[in-house]
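**Q** For reference, the structure I am asking about is given below.
The values are calculated or read from the model by the stated rules, or taken from the named source; none is laboratory data. What you see is a predicted model; the values in this text were computed from it and never measured. Glycine also receives a Cβ, built like all others from the backbone with ideal geometry; neighbour counts cover every protein chain displayed. Only protein heavy atoms, including side chains, enter the accessible area calculation; ligands, DNA and RNA are left aside. Shrake-Rupley method; radii C 1.70, N 1.55, O 1.52, S 1.80 Å.
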Amino acid sequence: MSAAAWPTRGADEAALPRLVVSRTAPAVPTEDELIAGCLEGRQLAQKQLYDKYAARMMAVCLRYAQTTFEAEDVLQEGFLTVFRTLGSFRRECPLEFWVRRVMVNAALRQHRRNAPLVAVSDAEYPAALASPEFTLSNYSFQELLGLVQELAPRYRMVFNLYAIEGYNHREIGELMGISEGTSKSQYSRARAILQAKVERLGTAPRHDS
(Lines give C-alpha, C1' and ligand atoms only; values in the text may rest on other atoms or scores of the structure.)
Protein backbone atom coordinates (compact mmCIF):
# COMPACT_ATOMS: atom_id res chain seq x y z
CA MET A 1 0.00 0.00 0.00
CA SER A 2 1.46 3.41 -0.93
CA ALA A 3 1.97 6.14 1.61
CA ALA A 4 -0.69 8.17 -0.13
CA ALA A 5 -3.27 5.63 0.96
CA TRP A 6 -2.83 6.50 4.65
CA PRO A 7 -4.63 9.48 6.21
CA THR A 8 -2.21 12.35 6.63
CA ARG A 9 -1.83 14.65 9.57
CA GLY A 10 -4.57 17.23 9.43
CA ALA A 11 -7.13 14.98 7.73
CA ASP A 12 -10.70 15.13 8.94
CA GLU A 13 -10.59 13.24 12.23
CA ALA A 14 -14.26 12.36 11.89
CA ALA A 15 -13.32 10.06 9.03
CA LEU A 16 -10.89 8.07 11.14
CA PRO A 17 -12.02 4.86 12.82
CA ARG A 18 -11.89 5.06 16.60
CA LEU A 19 -11.01 2.23 18.93
CA VAL A 20 -13.46 2.28 21.80
CA VAL A 21 -12.33 0.50 24.98
CA SER A 22 -15.04 -0.21 27.49
CA ARG A 23 -14.03 0.57 31.05
CA THR A 24 -17.28 -0.63 32.53
CA ALA A 25 -16.60 -3.03 35.43
CA PRO A 26 -18.34 -6.40 35.35
CA ALA A 27 -21.72 -6.17 37.02
CA VAL A 28 -21.69 -7.43 40.59
CA PRO A 29 -24.37 -10.09 40.90
CA THR A 30 -27.19 -9.41 43.30
CA GLU A 31 -27.99 -11.77 46.15
CA ASP A 32 -30.93 -13.17 44.19
CA GLU A 33 -28.72 -13.74 41.14
CA LEU A 34 -26.11 -15.53 43.23
CA ILE A 35 -28.74 -17.78 44.77
CA ALA A 36 -30.31 -18.56 41.39
CA GLY A 37 -26.93 -19.35 39.86
CA CYS A 38 -25.97 -21.67 42.71
CA LEU A 39 -29.32 -23.46 42.55
CA GLU A 40 -28.70 -24.03 38.85
CA GLY A 41 -25.31 -25.54 39.70
CA ARG A 42 -23.24 -22.83 38.01
CA GLN A 43 -19.68 -22.99 39.29
CA LEU A 44 -19.05 -19.29 38.71
CA ALA A 45 -21.97 -18.38 40.98
CA GLN A 46 -20.73 -20.79 43.63
CA LYS A 47 -17.26 -19.25 43.47
CA GLN A 48 -18.71 -15.73 43.69
CA LEU A 49 -20.79 -16.67 46.73
CA TYR A 50 -17.77 -18.30 48.37
CA ASP A 51 -15.53 -15.31 47.63
CA LYS A 52 -18.13 -12.91 48.99
CA TYR A 53 -18.54 -14.58 52.38
CA ALA A 54 -15.46 -16.78 52.98
CA ALA A 55 -13.35 -14.25 54.91
CA ARG A 56 -16.18 -13.28 57.26
CA MET A 57 -17.20 -16.91 57.79
CA MET A 58 -13.60 -17.89 58.49
CA ALA A 59 -13.59 -15.33 61.31
CA VAL A 60 -16.69 -17.05 62.71
CA CYS A 61 -15.13 -20.52 62.41
CA LEU A 62 -11.91 -19.40 64.09
CA ARG A 63 -13.83 -18.43 67.23
CA TYR A 64 -15.26 -21.94 67.53
CA ALA A 65 -12.10 -23.82 66.61
CA GLN A 66 -8.91 -24.32 68.55
CA THR A 67 -6.62 -24.07 65.51
CA THR A 68 -6.68 -22.54 62.04
CA PHE A 69 -6.61 -26.04 60.55
CA GLU A 70 -9.72 -26.99 62.52
CA ALA A 71 -11.44 -23.74 61.47
CA GLU A 72 -10.70 -24.48 57.81
CA ASP A 73 -12.35 -27.88 58.19
CA VAL A 74 -15.46 -26.23 59.64
CA LEU A 75 -15.47 -23.64 56.84
CA GLN A 76 -15.25 -26.31 54.15
CA GLU A 77 -17.98 -28.42 55.71
CA GLY A 78 -20.12 -25.32 56.15
CA PHE A 79 -19.91 -24.23 52.52
CA LEU A 80 -20.62 -27.75 51.31
CA THR A 81 -23.77 -27.61 53.43
CA VAL A 82 -24.60 -24.14 52.06
CA PHE A 83 -24.51 -25.36 48.45
CA ARG A 84 -26.34 -28.60 49.29
CA THR A 85 -29.18 -26.97 51.25
CA LEU A 86 -29.46 -23.55 49.62
CA GLY A 87 -32.85 -24.55 48.24
CA SER A 88 -34.19 -24.51 51.80
CA PHE A 89 -33.26 -20.82 52.26
CA ARG A 90 -36.61 -19.00 52.54
CA ARG A 91 -35.16 -15.48 52.26
CA GLU A 92 -36.72 -14.44 55.54
CA CYS A 93 -33.34 -12.97 56.53
CA PRO A 94 -30.21 -11.77 54.68
CA LEU A 95 -28.27 -14.56 52.98
CA GLU A 96 -25.16 -13.77 55.06
CA PHE A 97 -27.13 -14.34 58.26
CA TRP A 98 -28.30 -17.74 57.00
CA VAL A 99 -24.78 -18.72 55.88
CA ARG A 100 -23.47 -17.74 59.33
CA ARG A 101 -26.02 -20.03 60.99
CA VAL A 102 -24.88 -22.87 58.73
CA MET A 103 -21.28 -22.27 59.85
CA VAL A 104 -22.27 -22.29 63.52
CA ASN A 105 -24.12 -25.56 63.01
CA ALA A 106 -21.04 -27.01 61.28
CA ALA A 107 -18.97 -25.98 64.31
CA LEU A 108 -21.51 -27.65 66.60
CA ARG A 109 -21.29 -30.89 64.61
CA GLN A 110 -17.53 -30.86 64.88
CA HIS A 111 -17.79 -30.20 68.61
CA ARG A 112 -20.06 -33.22 69.04
CA ARG A 113 -17.61 -35.40 67.11
CA ASN A 114 -14.61 -34.25 69.13
CA ALA A 115 -16.18 -33.79 72.59
CA PRO A 116 -15.71 -37.44 73.72
CA LEU A 117 -11.98 -37.09 72.97
CA VAL A 118 -11.48 -34.07 75.23
CA ALA A 119 -11.14 -34.54 78.97
CA VAL A 120 -11.17 -31.36 81.06
CA SER A 121 -10.95 -31.03 84.81
CA ASP A 122 -13.06 -28.26 86.31
CA ALA A 123 -10.38 -27.88 88.96
CA GLU A 124 -8.12 -26.31 86.35
CA TYR A 125 -10.35 -23.25 86.08
CA PRO A 126 -11.40 -20.46 88.48
CA ALA A 127 -14.80 -20.82 90.07
CA ALA A 128 -15.37 -17.10 90.72
CA LEU A 129 -17.77 -15.29 88.44
CA ALA A 130 -16.56 -12.46 86.23
CA SER A 131 -17.34 -9.00 87.54
CA PRO A 132 -20.25 -7.09 85.94
CA GLU A 133 -17.89 -4.50 84.45
CA PHE A 134 -15.82 -7.18 82.72
CA THR A 135 -15.33 -6.20 79.08
CA LEU A 136 -13.33 -7.42 76.13
CA SER A 137 -13.75 -4.29 74.03
CA ASN A 138 -10.26 -2.93 74.74
CA TYR A 139 -8.46 -5.75 72.96
CA SER A 140 -7.78 -6.51 69.32
CA PHE A 141 -9.49 -9.29 67.41
CA GLN A 142 -6.31 -11.38 67.37
CA GLU A 143 -5.82 -11.00 71.13
CA LEU A 144 -9.42 -11.96 71.85
CA LEU A 145 -9.30 -14.82 69.38
CA GLY A 146 -6.28 -16.26 71.16
CA LEU A 147 -8.04 -16.02 74.52
CA VAL A 148 -11.26 -17.64 73.28
CA GLN A 149 -9.39 -20.43 71.48
CA GLU A 150 -7.66 -21.32 74.75
CA LEU A 151 -10.99 -22.10 76.41
CA ALA A 152 -11.98 -25.73 76.78
CA PRO A 153 -14.27 -26.73 73.88
CA ARG A 154 -17.49 -26.83 75.94
CA TYR A 155 -16.83 -23.39 77.45
CA ARG A 156 -15.82 -21.96 74.07
CA MET A 157 -19.00 -23.21 72.44
CA VAL A 158 -21.31 -21.86 75.15
CA PHE A 159 -19.52 -18.51 75.31
CA ASN A 160 -19.70 -17.99 71.54
CA LEU A 161 -23.31 -19.09 71.24
CA TYR A 162 -24.48 -16.85 74.08
CA ALA A 163 -22.21 -13.80 73.93
CA ILE A 164 -21.67 -13.57 70.16
CA GLU A 165 -24.53 -15.36 68.39
CA GLY A 166 -27.26 -14.28 70.79
CA TYR A 167 -28.77 -17.67 71.64
CA ASN A 168 -30.40 -17.97 75.05
CA HIS A 169 -29.43 -20.71 77.48
CA ARG A 170 -32.47 -22.84 76.72
CA GLU A 171 -31.59 -22.82 73.02
CA ILE A 172 -27.94 -23.54 73.76
CA GLY A 173 -28.97 -26.47 75.93
CA GLU A 174 -30.99 -27.91 73.05
CA LEU A 175 -28.17 -27.36 70.55
CA MET A 176 -25.51 -28.94 72.75
CA GLY A 177 -27.57 -31.61 74.47
CA ILE A 178 -27.11 -30.12 77.94
CA SER A 179 -29.48 -28.58 80.47
CA GLU A 180 -30.26 -24.89 80.58
CA GLY A 181 -28.64 -24.69 84.01
CA THR A 182 -25.47 -26.33 82.71
CA SER A 183 -25.33 -23.79 79.90
CA LYS A 184 -25.63 -20.94 82.40
CA SER A 185 -22.93 -22.31 84.68
CA GLN A 186 -20.55 -23.03 81.81
CA TYR A 187 -21.05 -19.52 80.43
CA SER A 188 -20.31 -18.04 83.85
CA ARG A 189 -17.21 -20.21 84.12
CA ALA A 190 -16.08 -19.17 80.64
CA ARG A 191 -16.43 -15.50 81.58
CA ALA A 192 -14.41 -16.06 84.75
CA ILE A 193 -11.67 -17.80 82.79
CA LEU A 194 -11.57 -15.03 80.21
CA GLN A 195 -11.47 -12.37 82.92
CA ALA A 196 -8.47 -14.07 84.53
CA LYS A 197 -6.73 -14.29 81.15
CA VAL A 198 -7.51 -10.64 80.36
CA GLU A 199 -6.09 -9.55 83.71
CA ARG A 200 -2.87 -11.45 82.98
CA LEU A 201 -2.80 -9.99 79.48
CA GLY A 202 -3.23 -6.50 80.92
CA THR A 203 -0.13 -6.88 83.10
CA ALA A 204 2.00 -8.29 80.28
CA PRO A 205 3.99 -5.91 78.05
CA ARG A 206 2.16 -5.23 74.77
CA HIS A 207 4.12 -4.79 71.57
CA ASP A 208 2.66 -2.63 68.79
CA SER A 209 2.99 -4.14 65.35
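**Q** Whenever you get a sec, line up 141, 79 from highest to lowest accessible area (probe 1.4 Å, protein heavy atoms).
**A** 141, 79
**Q** Determine the equivalent ellipsoid of the stretch 148-195 by diagonalising the alpha-carbon gyration tensor, then write out the semi-axes as square roots of 5 times the eigenvalues, largest first, rounded to whole Å.
**A** Calculated on Cα positions only, the semi-axes equal 16, 10, 9 Å.
**Q** Under a plain spin-label model, where a point goes 7 Å from the Cα along Cα-to-Cβ, how far apart in nm are residue 196 and residue 88?
**A** 4.0 nm
**Q** Moving on to the next point. For 201, 108, give me the order by solvent-accessible area with a 1.4 Å probe, most accessible first, ignoring ligands, DNA and RNA.
**A** Per-residue accessible area, sorted high to low, gives 201, 108.
**Q** OK, next. Can you give the accessible area of residue 144 in Å² (nearest 10), computed on protein heavy atoms with a 1.4 Å probe?
**A** Approximately 40 Å² of residue 144 is accessible to the 1.4 Å probe.
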